[in-house]
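The values are calculated or read from the model by the stated rules, or taken from the named source; none is laboratory data. Please read these numbers as outputs of a predicted model, since none were measured by experiment. So basically every Cβ, Gly included, is an ideal-geometry build from the backbone, and we count neighbours across all protein chains shown. Surface accessibility is based on the protein's heavy atoms, side chains included, excluding ligands, DNA and RNA. Shrake-Rupley method; radii C 1.70, N 1.55, O 1.52, S 1.80 Å.
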Amino acid sequence: MELDLTPKLPKQVYGGDGGSYFAWCPEDLPMLKEGNIGAAKLALEQHGFAVPRYSDSPKVAYVLQGSGTAGIVLPEKEEKVIAIKEGDSIALPFGVVTWWFNSQETDLVILFLGETHKAHKRGQFTDFYLTGSNGIFTGFTPEFVGRAWDLDEGTVKKLVGSQTGKGIVKLDAGFKMPMPKSEDREGFVLNCLEAPLDVDIKDGGRVVVLNTKNLPLVGEVGFGADLVRIDAHSMCSPGFSCDSALQVTYIVAGSGRVQVVGADGKRVLETHIKAGSLFIVPRFFVVSKIADPEGMSWFSIVTTPDPIFTHLAGRTSVWKALSPEVLQAAFKVDPEVEESFRSKRSSDAIFFPPSN
């Protein structure tokens, strides 16, 4: 069966006055199920409130647009109330309870990428809501809830039944939510637009990598992530993950072309990608991208905490390591052609600006 790697947009799962929740479905993007990957997006309008919930999957959240407030409660820990803004990355391990709120006019949009190996359904997240019409305690009888909370039946019915919204609700404009604390961001949030660059190629591209050093909770999540930005007409070097990791890529801004090559030198994907689309590169497949005039940026997770990549262009590529005689024999070319090939791309760059 041929793999369908076509980039896809998400579909709305639910929503209302306060905003909407979107997800990529395994039926539309088979590689989600194949790779045990989940992907979703939360869009909150002004005064939109995503009620407290937990998930069956570890995730990384990335703020695509806007600013707002997030509440995070790790198991048996105190609540962290965090101000979030565009470019923020937040690691969300198993067992964390979160809520999200937008007080601004601009929509708050958050991307979620994660693994679903332990999820109820391969290739998609299942959230468990603490309140609302589909909240956990709507399934228990008043007797059980009353004994758990030491409350009378009337109070239980009011607590459990008053919130008729599902997942996302809109709060009154004058409702006061808890104020974030600047110290609560430490160890929980990394802003990829402000963090020190791991790669910076003039007129080429820039990379910020999320790891256990700059975002400790990444270690508990179990996979890495990065934000890549390439300039107009620049190219991201052809490369592959050499430690059996899948690459899950969401196009944050801009557009461009992408090609993916698999076994037997077969091109399995050649398409134009634009902001909002998601695609997955299988293990060991080689991928390369070229940006359009406005440039392109993408946020990715790689399904291992410390991914190792092999690039097939530039000074550190495998070509530079192989001896001239091996290349001449492998390509079946004379020494002059091999020398011309070897002398090109002598920098360490993994992003190539357009040729002058």
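Values computed for the structure shown
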quantity: For the stretch 60-193, alpha-carbon Rg relative to the globular expectation (2.2 N^0.38 Å, N residues); calculated: 1.18
quantity: Set of the stretch 143-177 residues, backbone N closer than 20 Å to the point 7 Å along the Cα-Cβ line of Glu105; calculated: 171-175
quantity: Computed accessible area, Asp4, all protein chains, 1.4 angstrom probe, square angstrom; calculated: 60
quantity: Heavy-atom surface of the chain, accessible at 1.4 Å and reported per residue (Å²); calculated: 50
quantity: Reported label for calculated mean projected area of the Cα convex hull in nm² given [x] 22.1; [y] 18.4; [z] 20.5; calculated: [z]
quantity: Over the chain, relative contact order from alpha-carbon pairs under 8 Å, at least 6 apart, %; calculated: 16
quantity: Amide H contacts of Ile37 (H built 1.01 Å from N, under 5 Å, at least 5 apart or other chain); calculated: Thr116, Gly123
quantity: Nitroxide proxy distance, nm - points 7 Å out along Cα→Cβ at Lys33 and Val318; calculated: 3.2
quantity: Karplus 3J(HN,Hα) series, Hz, for the stretch 169-178 with 6.51 cos²θ - 1.76 cosθ + 1.60 (x for Gly, Pro); calculated: 10, 10, 8, 4, 4, x, 5, 9, 8, x
quantity: Lysine pairs in the stretch 67-223 with Cα atoms under 25 Å, if 8 or more residues apart or on separate chains; calculated: 26
quantity: Accessible area of the chain belonging to carbon and sulfur atoms, whole % at 1.4 Å probe; calculated: 52
quantity: Length released on extending from Glu270 to Lys158, taking residue separation times 0.36 nm less the Cα-Cα span; calculated: 34.7 nm
quantity: Paramagnetic reach from Lys118 (point 7 Å along Cα→Cβ, amide N under 15 Å) across the stretch 212-231; calculated: 218-223
quantity: Which of Lys332, Lys59, Lys77 is most accessible, then next, and so on - probe 1.4 Å; calculated: Lys332, Lys77, Lys59
